[in-house]
Each structure stands twice: as C-alpha cells, then as structure tokens.
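The values are calculated or read from the model by the stated rules, or taken from the named source; none is laboratory data. Predicted model, so just to flag it, every value in this text is computed and none were measured. Heads up, the Cβs are rebuilt from the backbone with ideal geometry, glycines too, and the neighbour counts pull from every protein chain shown.
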Amino acid sequence: MDLPIPDIREDATANVACHPAKDKDLKWIALPLARVPNWQQKAIEKFAALLREYKSLQVYMDICARCGACAEKCQFYLGTGDPNNMPVARAELMRSVYRRYFTPEGRMFGAAVDAYDLDEAMLKKWYTYFYQCSECRRCSVFCPYGVDTAEITWAAREIMASIGVATKYVTEVIAKVYQIGNNLGIPPPAWLDNCQFLEEELKAETGKDIRVPVDVEGAEVLLVPPSADNFANTNTMMGYAKLFHALGVSWTTSTYANEAGNFGLFLNYPSMKKVNCRILEGARRLRVKRVIWGECGHAWRAALYTDTLNGPLDFLEVPHPTHICQYTLEMLRRGALKIDKSANDDVLVTYHDPCNPARAGQLLEEPREILRACCNKFVEMRGDTIRERTFCCGAGGGLLTDEIMPIRMSGGKPRAEACRATGATFMATICAICKAQLPELMKHWKVECAIGGVHELLGKSIVF
C-alpha cells in the first residue's frame, strides 16, 4: 500500500515533545544540570567547534538546494504532515542558525536571507523536531547531493546537550549504563539469575544442558547482546545459546559489559565513546579472543566506530568488531550446523531491515541468507521498502518513549503497511529497538504478525 503525500499541516506535532532530562541523569553523564549562563553564546561556540571538527557537517550546511526530494521519503512527514518533519525543513532549522552566525550575508541581512537567531523559540523547535527524527538516513539515500540528515540531527543534539538541553529517555538510559552497565539498569546478580533461568528453559525445551555463561575468563567469544535480549527477547537469547552449543564454542556474557546498545549515538560523542569503552574493558577483563555484538541496530553502527572511538582491538585474536549474523552465516557456509528448516513451517516469515545495519552497517544479505537457510517459507516486502530503502520502525534514534507515541505510530505506518501486504505471520529483525516498537505498531495498525529475532528462528531449526 502506498501512503499518500499528506496535506501540509503547520505545527501539527509542534507540541509533541519528549520529556526533558532530569538533573540526576545529567549529573552522571557530566552534562550541565540546567541551562548554562550565556547559553546562546555557548551553543554557537559548540556549533563552530563541530563545523571545524566535522567537515562533512560544514558541507551539509552549504550544499542543500532545498529541492525537497527527501520530503516524501521520510516516514515521519508522511505520518504527521508537519512540514518541519520534512528532512529538508528540519535541517533548515539548523541551517537558518548557521547562516545567521557563520555567513557574511546572514550576519548583515538576517531574516531577509532566511538567517535567524538561536533564541528561545528556535531552541524549542530544535528540541521538538530533532527529537522527532530517528536518524534513520532514509532521506539520505534519495538526496541528489548525498546530504546525511542524521549527521545534522546528531550535531543539533550535541549542541543542545552542551548547554544542558536533552531528553529524559536518552539521558536516563545512558546514566544506567554509567552506573550499572546496561540500558535497563539490571544489576549483575539479576543478570546471572536470568541466565540461569534461561538455562532451565533450554533444558526443558531441548533436553540438553545448554549454558548461558556469565563472566567466564578465557572464553573464545564475548557475546555482547542488547540487554533486552536477556529479559524481553529471550527466544533470541536462547537462540544465541543454541548456536554456540551446537558449534561447541566456548563463549560468555559479562556482568560488566552486558549491553550492546549505545545511546551515546543519540546524544553526544563523549557518551558514545564512554559506552563503547566499557565493552572493550569487559573483553580485557575476561581475556577473550573476540567480541561479537548481538542483534541491535544502533549497537552495530556504534561498534563500527570502535577504532576511532577507543583505539584498535589489537589486544584480541580477532581484532575487529563482529556481528552475530556475520559469525552465524560463516558457520552455516562451512556446514558447521545441522538445520531442520521444517521447524519453522508454522510461520510465513518476512524480514525488516533495521535502519542502522542496512544503511550504515553493511548487513543486508547476511540476515536473509540465515533466514533462507532455516525457513522454508520466506517472503520479501516490496522492493522499495527493504535493504538500503528500508522504512524505519518509527522508534529509533532515541524515540522509543511513551510521551511521543503518536509520532512513533504515525512514523511506523509505512513499515506496518508493507508488512501487511506480504501476508507474513512472523517478521524477523536484528534490532532490540525494532523488537520493542514493532509489536506496538502492528497492534495499532491491526496487522496480524508476530515479531522476533533472526536467531530465534535459527535456534528453532538447529538439530543437536
């Protein structure tokens, strides 16, 4: 089903905003607890620093022709009709400030050349609309100049964070990682307890003593899943365990580094660096040979920045980040797994490409090849809604929070309708955010389709 281009509705979602950050969370992240004095000056100084550091940002500020090719490609504009959710218009909120402070004509003529001060009204627009963007980068695929709107959104959030303006959801999650080690705030005893519970579930299901190891020193693999896999997407977690058990590979999780997700990607560079560093420190503590990231979209995008963020992984025998799908597919191609595809005959499977693996993580065919290897019945969604052109689930980029549920449901509608058109009864994906958002989305738009992980289906098909 094609979604019609909506009628423009000025300010349609201007009053739908994320809850502001709490002081207790900002304190943990070392951000200002309140709007800093002379905040406009400080924000412009930060803007200038980003322009110097990231030449791409400078280019994106200058080259946009405002052609609007991106407008109908954005699920949030299609869903809301608010013109500020057109990628070009959202970016224009930042470009107008750029012109005012960083171009001669803007300094001289101001509003006459669409150059505006970063005042309270503009800051409110930034806060509202840059947190109605999931940084999915679909618009960038269709931009004739290659403008990466996600980088613009990220820069705007970085500027706001530098003056004490951020959202409760994103900062709360990062603070939990700083304090405890994972997005959900799960203490080590609870992590261990749930791993033992999953071992009991695996024993009851398979009759095998399949372990979900914790803090095993010297293991070959440190698996860093999204923490949600251990407490919500447990079939995916058990799929990982079945995989390593069938291969006879020693592996472990870590109570210190049990979170693949990196919400620093949605806030600022220092947070992304610090969260990433925790994983490397966990690998050093346990003296593992390699680190494998689990099924999480933004986790994988941040993982690919590891060398830039915290130096090379040259202390590992496998000195580069590995995604679980890359590892699994290699094992399948070697013939190391015995598979019974009929184990998944009860479902018609389709696959949702999460934004970051598809457009920033080079993971397009690996999940599909795994699914075809373990499922007899697999169907693709329409070609212009998958792979690099995939639609966002509607909750990435730090938007998975209840106060903006109308944005999430509106933005996710293209994905729900593309799924409906296939008749699929199971949508597999490799992102914890998608696994949290898509069930709500399917319920909202009345699409009868279950949601789960690629390794959930793989686990069902493994023959021991």
Could you list, ordered by first residue, the pairs with Cβ atoms under 6 Å in which the first is in segment 201-223 and closer than 22 Å to E281 by Cβ and the second is assigned to a loop (DSSP other than H, G, I, E, B) and at pLDDT below 95, at least 6 apart or interchain? none
Looking at segment 161-170, is at least one residue more than 30 Å from A257 (Cβ to Cβ), in a helix (DSSP H, G or I) and out of contact with any Gly (no Cβ under 8 Å at 6 or more places or on another chain)? no
Do we have Y178 as out of contact with any Ser or Thr (no Cβ under 9 Å at 6 or more places or on another chain) and at pLDDT below 95 here? no
Could you list, in sequence order, all residues of segment 340-355 that are buried (at least 19 other Cβ atoms within 10 Å of the Cβ) and either farther than 30 Å from G398 by Cβ or of a type outside the set (D, E) (or both)? N344, V347, V349, T350, Y351, H352, P354, C355
Given the criterion touching a strand residue (DSSP E or B) at 6+ places or on another chain (Cβ under 9 Å), surrounded by 23 or more Cβ atoms within 10 Å (Cβ to Cβ) and in contact (Cβ under 8 Å) with a residue 24 or more places away in the chain, identify the matching residue among Y77, Y131. Y131
Look through segment 301-330, keep the residues that are under 20 Å from N235 (Cα atoms) and hydrophobic (A, V, I, L, M, F, W, C), and return whichever of them is surrounded by the most Cβ atoms within 10 Å (Cβ to Cβ). I324
Restricting to segment 338-360, count the residues that are part of a loop (DSSP other than H, G, I, E, B), touching a strand residue (DSSP E or B) at 6+ places or on another chain (Cβ under 6 Å) and under 22 Å from A241 (Cβ atoms). 1
Residue among R9, R100 that alone is part of a helix (DSSP H, G or I), over 23 Å from the mean Cα position of the chain (by Cα) and outside the structural domain of A416 (by TED's automatic domain parsing): R100
Candidates G239, G248, filtered to the one that is modelled with pLDDT of 95 or more, closer than 23 Å to R290 by Cβ and more than 22 Å from the chain's Cα centre (by Cα): G248
In the list I159, I186, I180, which residue meets the criterion of being in contact with a helix residue (DSSP H, G or I) (Cβ under 6 Å, 6 or more places away or on another chain), among the β-branched types (V, I, T) and either free of Cβ contacts under 8 Å to residues at least 60 places away in the same chain or over 18 Å from C355 (Cβ atoms) (or both)? I159
Any residue in segment 44-58 that is assigned by TED's automatic domain parsing to the domain that holds Y101 sitting within a Cβ distance under 6 Å of a residue that is of a type in the set (S, T, Y)? List the pairs, counting only those 6 or more apart or interchain. I44/Y101; K46/S162
